[in-house]
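Working notes for the structure below.
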Amino acid sequence: MGVRDQTRGTLFFDIMEIIRAKEPRFVVLENVRNLAGPRHKDTWRIIIDNLREAGYRVCDEPVVLSPHLIPPEKGGAPQVRDRVFILGERVGHGVTRGLCSPPLLSRQQFKDEWDPHRWKIRDILLPDYKIRNVADYRLSEQEQTWLAAWDFFVREIDEDHLPGFPIWADRFSIKPEIPSGTPDWKANFLRKNSAFYLQHKKFIDRWKKMRWGPLNLTVPEFPFSRQFFEWQARRTHPTREGRTIEDLVIQMRPSGIRVKPPSYVPALVAITQTSIVGPKVRRGIRQYRKLTPQEAAQLQGIPGEVFGAAGVSEKAAYKQLGNAVNVGVARLVAEVLRASARPASVEEDPSLQTHQGELNY
């Protein structure tokens, strides 16, 4: 992350060597959102100062964009993927003024014309018959077991509004157990889980003794992380009426099972946290499945059929897509940067005449 990182941190200075040697008219750099956070102020300052010393006009403030906040006609996609973009235009060596660019884009750029909840993840899903080896994307018996228990929980618990805090089934107790030194945020969740348990004790006690799914397991027999559940689908199911995890977006995270509305998915990552959609009901069995690499490619703005012909393993494909820059967002920032270019920059540095060709994407 930081430029002082002994491995990845040196990459920025390698990029600066290329920039100084090639002197491109435009520079676009991308990184994770944390780069714009308070812990990396020094890193941010080093990047901006180096670009300006090389003759580039850049903004003091970061541009943070996510494809789910951008309309589809402008390159958006149904994926939350906040990333920092640094946009620079070369104005030439020796220029000491005019190196501060105004903000060219903002995270809320399209808030008046696009509601991200209008996305429907099912619009990018392939029908099962078009997926080669579709069975490979079905959930394991363990995963089916975990979801069966939690689906029953959200359907049957006598609660109009499921809580927004994480539900920790292994911490349901009459009195919260809060060891000395527990962080405030965790102690708060423990108290809330205890209160929630007391309110629904009869139902929860019965639920924890029931056996679930193909493996016929009780909830206490689940791995600890699968006894943790986050309900983030209140927009889709505001009350208990018709509430279910079916047709929602599910993610198996190290911190637990998270359920979200079926509008847009969490950010693709380079580790195994592929979002789950479904279910299809076949022969009375709910068949949830994971997103395919082709569907994940579409979330990154890459035509799925093109990516499907890339000839890489699925594990490598998910990793590449998790590390990739969203194509639609990259195109948008390139277009905005080019449109903002000042004609005076050519007069300030005649060498830019050699870089006046069309910008190719």
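What to note about this one:
- Qualifying trypsin sites (Lys or Arg not before Pro) in segment 171-272, where qualification requires a DSSP coil assignment and no more than 10 other C-beta atoms within 10 Å, comprise Arg235.
- Inter-part distance, segment 111-146 to segment 186-200, computed on C-alpha centroids, equals 33 Å.
- Using θ = phi - 60° and Karplus 6.51 cos²θ - 1.76 cosθ + 1.60, couplings along segment 99-116 (whole Hz; Gly, Pro as x): 8, 9, 7, x, x, 8, 8, 9, 4, 9, 3, 10, 4, 7, 10, 8, 9, x
- For segment 28-67, the square roots a ≥ b ≥ c of the C-alpha gyration tensor eigenvalues yield an a/c of 1.5 or more together with a/b not exceeding b/c, which makes the shape oblate.
- Packing here is the average count of other Cβ atoms within 10 Å per residue, and on that basis the peptides 248-254, 311-317, 119-125, highest first, run 248-254, 119-125, 311-317.
- The Cβ shell under 14 Å around Ser263 holds other residues with a net charge of +3, Lys and Arg each +1, Asp and Glu each -1.
- Estimated 222 nm signal from helices in the chain, with DSSP H stretches of n ≥ 4 weighted -39500 (n - 2.57), rounded to 500: -9000 deg cm²/dmol
- All-pairs Cα distance distribution in segment 115-249, expressed in whole percent, bin size 5 Å: 2, 9, 16, 18, 18, 15, 10, 7, 3, 1, 0
- Sparse-neighbour loop sites [GluC sites (Glu not before Pro); segment 102-160; at most 16 other C-beta within 10 Å; DSSP]: Glu113, Glu159
- Cα gyration tensor category, rounded, prolate or oblate, for segment 182-257 with a/c compared to 1.5: rounded
- Taking amide H positions as modeled 1.01 Å from N, with prolines and chain starts lacking one, no residue 5 or more places away or on another chain lies under 5 Å from Leu268.
The numbers here are math on the coordinates, done by the rules we state, and not lab data. No experiment lies behind these values; they were computed from the predicted model shown. With ideal geometry, Cβ positions are generated from the backbone for all residues, glycine too; neighbour counts draw on all protein chains shown.
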